[in-house]
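Taking it in order: structure first as structure tokens, then the write-up.
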């Protein structure tokens, strides 16, 4: 009887993990769209994340909030890094919810503020390190335009080595008197040997 129970439990766990792994590593289809459908809505709050402990050796990466804008991010459970870009009244922040033991950004998100007001995120979902759609970099072109570069993985790619990248161009519109991040277009290309 006990053997049957253990066997059933094993089958159940196998099924759970087999269902969970593809969901975690699935392709970020929004990056394949020439003009992605906007996931940002005017006037919404910063998406919350779970509170994960940061390994002791990674604590030096974390920056305390220095102003009201940064406190809004940390109050939603995110942890700030010393990684942001500012142009005029617009600031892009990269924040994380957790790291691995080697201090790599296991889960992160890009937060955009204009004139101190939350305008949206740079990805519709939490960004997972070493999976399709992993964060590479961002850049403010003007006060109301910016780009974000994401790594692209094929199923055959090793976790260390994405085979391409997608650059997403964004703009900041004003909707109902509030700033709103809008994805404008994408540009995907494969890496050549000279890029590696």
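The values are calculated or read from the model by the stated rules, or taken from the named source; none is laboratory data. Quick caveat: nothing in here was measured; it's all calculated off a predicted structure. Every residue, glycine among them, receives a Cβ derived from its backbone with ideal geometry; neighbour counts consider all protein chains shown.
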What residue, of 113, 146, 170, is crowded, with 22+ Cβ neighbours inside 10 Å, within 17 Å of residue 90 (Cβ to Cβ), touching a residue at least 40 places away in the same chain (Cβ under 8 Å) and in contact with a helix residue (DSSP H, G or I) (Cβ under 7 Å, 6 or more places away or on another chain)? 113
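A quick yes/no check of all residues on (1) modelled with pLDDT under 90; (2) more than 22 Å from residue 130 (Cβ to Cβ); (3) touching a helix residue (DSSP H, G or I) at 6+ places or on another chain (Cβ under 7 Å):
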site: 2; (1), (2), (3): yes, yes, no
site: 29; (1), (2), (3): yes, no, no
site: 62; (1), (2), (3): no, no, no
site: 68; (1), (2), (3): no, yes, no
site: 84; (1), (2), (3): no, yes, no
Residue by residue through segment 173-190, note down the ones that are over 21 Å from the mean Cα position of the chain (by Cα) and at pLDDT below 95. 176, 177
Can you tell me how many residues in segment 54-92 are in contact with a strand residue (DSSP E or B) (Cβ under 9 Å, 6 or more places away or on another chain), touching a residue at least 40 places away in the same chain (Cβ under 8 Å) and surrounded by fewer than 13 Cβ atoms within 10 Å (Cβ to Cβ)? 2
Matching residues in segment 88-111 (part of a loop (DSSP other than H, G, I, E, B) and modelled with pLDDT of 95 or more) number 2
Of the residues that sit in segment 116-143 and are touching a residue at least 60 places away in the same chain (Cβ under 8 Å) and farther than 27 Å from residue 43 by Cα, which one is surrounded by the fewest Cβ atoms within 10 Å (Cβ to Cβ)? 131
Please name all residue pairs, on different chains or six or more residues apart, with Cβ atoms under 6 Å, provided the first residue is in segment 36-50 and is surrounded by 13 or more Cβ atoms within 10 Å (Cβ to Cβ) and the second residue is part of a loop (DSSP other than H, G, I, E, B). 39/124; 42/176; 46/76; 49/77; 49/78
